[in-house]
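Notes follow the structure.
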Amino acid sequence: MKKFLVLLAMLLMISGLAACSSKENGETNAEKASSPEKTDLKKEMVKFYTELGNTINAKDVDLNRYEADVAKATEDPTVTIKPEEKTKASESATAVVDALKKVQVPAVLKDQKTDLEAALKDYIASYQMKADELKKDSPSLDEANATFKQGDEKLGKALESVKMLPASLDAQVN
């Protein structure tokens with residue numbers, strides 16, 4: 001439920017900011033009506049962003065649980081993490097990789113395709129790094145998280161190209 005509310009808030013924020021940004025650029029309602037392609041691109045971008053988040057959220061439950069438990073254990077040394085939790089988290093990360101490999105950039109976003117595919121590549125690499133790290137005795141997810149942020153930057157560039165404010169996929173999936 002928490003993820004759904006975050007997703008809903010993000011969508012409202014993105015669409016609200018998209019509406020504001022077109023007015024800031026001096027675009028009137030009449031001009032918007034005469035250029036449906038701009039509106040369609042924004043809708044397609046929001047749709048793609050939402051699909052991307054939903055794809056990850058469908059597979060990363062055990063990974064999120066593990067990361068939350070690690071955060072608790074950092075604050076409270078009496079909290080222990082069971083080996084099977086780490087195994088489930090690794091499997092969860094692998095499932096995200098497999099799901100993200102199936103995501104396709106819509107044809108209508110052809111001008112953003114390079115940035116979106118680069119972002120996807122970083123997200124896939126990030127989750128693969130997590131899956132691999134979680135197989136180690138003392139995993140560190142720092143490098144994987146840095147790679148995820150690189151993906152966010154590339155996604156942000158694609159969002160900006162259709163006059164939307166950049167958003168972090170991390171807020172939607174964690």
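In this entry, L120 is excluded by the filter for residues that are touching a Phe, Trp or Tyr at 6+ places or on another chain (Cβ under 8 Å), among the aliphatic types (A, V, I, L, M) and surrounded by 15 or more Cβ atoms within 10 Å (Cβ to Cβ). Tell me, yes or no, whether the stretch 103-115 has at least one residue that is of a type outside the set (V, I, T), over 20 Å from E44 (Cβ atoms) and without any contact (Cβ under 8 Å) to a residue 40 or more places away in the chain. Checking the stretch 103-115: not a single residue is of a type outside the set (V, I, T), over 20 Å from E44 (Cβ atoms) and without any contact (Cβ under 8 Å) to a residue 40 or more places away in the chain. Answer with yes or no whether N174 is buried (at least 16 other Cβ atoms within 10 Å of the Cβ) and either at pLDDT 95 or above or aromatic (F, W, Y) (or both). No; evaluated as a whole, the condition is false for this residue. A single member of V79, V70, V103 is aliphatic (A, V, I, L, M), outside any helix (DSSP H, G or I) and modelled with pLDDT under 95, and it is V79.
All conditions in (1) small (G, A, S); (2) more than 16 Å from the chain's Cα centre (by Cα); (3) at pLDDT below 95 hold for S90, with the sole exception of (3).
Taking the criterion of being among the aliphatic types (A, V, I, L, M), open to solvent by less than 20 Å² (accessible area, probe 1.4 Å), touching a residue at least 60 places away in the same chain (Cβ under 8 Å) and out of contact with any Phe, Trp or Tyr (no Cβ under 8 Å at 6 or more places or on another chain), the residues of the stretch 124-164 that qualify are A158, V162, M164.
The values are calculated or read from the model by the stated rules, or taken from the named source; none is laboratory data. Here the structure is a predicted model, which is why all the values come from computation and not from measurement. Positions of Cβ are generated from backbone atoms using ideal geometry, with glycine treated the same way; all protein chains shown enter the neighbour counts. Quick note on the areas: whole protein, heavy atoms, side chains included, nothing else; ligands and nucleic acids left out. Shrake-Rupley method; radii C 1.70, N 1.55, O 1.52, S 1.80 Å.
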